[in-house]
1. In the range 87-112, how many residues are within 11 Å of the ligand (Cβ to nearest atom), assigned to a loop (DSSP other than H, G, I, E, B) and of a type in the set (S, T, N, Q)?
2. Might you let me know whether the range 1-23 holds any residue that is closer than 15 Å to E109 by Cα and modelled with pLDDT of 90 or more?
3. Do you know which residues across the range 54-73 are among the hydrophobic types (A, V, I, L, M, F, W, C) and either within 9 Å of the ligand (Cβ to nearest atom) or part of a loop (DSSP other than H, G, I, E, B) (or both)?
Amino acid sequence: MIANRRRVLRLGAAAAMVPALALPAGAQSRLHQIAIHGFLFGPDRLMVRVGDKVRFTNHDLAPHTATATDGSWDTGTLEQGQHADLMVTDAWGGDYFCAHHPAMTARLEIMA
Ligand SMILES: [Cu+2]
């Protein structure tokens, strides 16, 4: 199901640093926002498509991460107000959590 874990998601440190993806004709890339607030990911279940971008923004005083439970992607620590963009490059589905607060969990589904 996970053919190549390294290619599942590409993490860009900043949106401006992420090269544009080559998309099939007619495909439209969407930006999905996941807010980290009150020690929760919101929404805690999200379905996106390959070619989309998922932005995790930390609104808490506490530092958080969004870290795939299978280790295939990780935002690294986000301080308050910081965000990380995940460029979705392959189908994937699974749970992720915060490395600082492992009780924080959510799910991401990526459709080809
Ligand atoms: Cu956390």
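The values are calculated or read from the model by the stated rules, or taken from the named source; none is laboratory data. Just so we're clear, the structure is a prediction, and the values are computed from it rather than from any experiment. In this analysis, Cβ positions are derived from the backbone assuming ideal geometry, glycine residues included, and neighbour counts consider all displayed protein chains.
1. 0
2. No, the range 1-23 has no match at all.
3. Start the filter on the range 54-73 by keeping residues that are among the hydrophobic types (A, V, I, L, M, F, W, C), which leaves 54, 56, 61-62, 66, 68, 73.
Listed by number, the residues that qualify are L61, A62, A66, W73.
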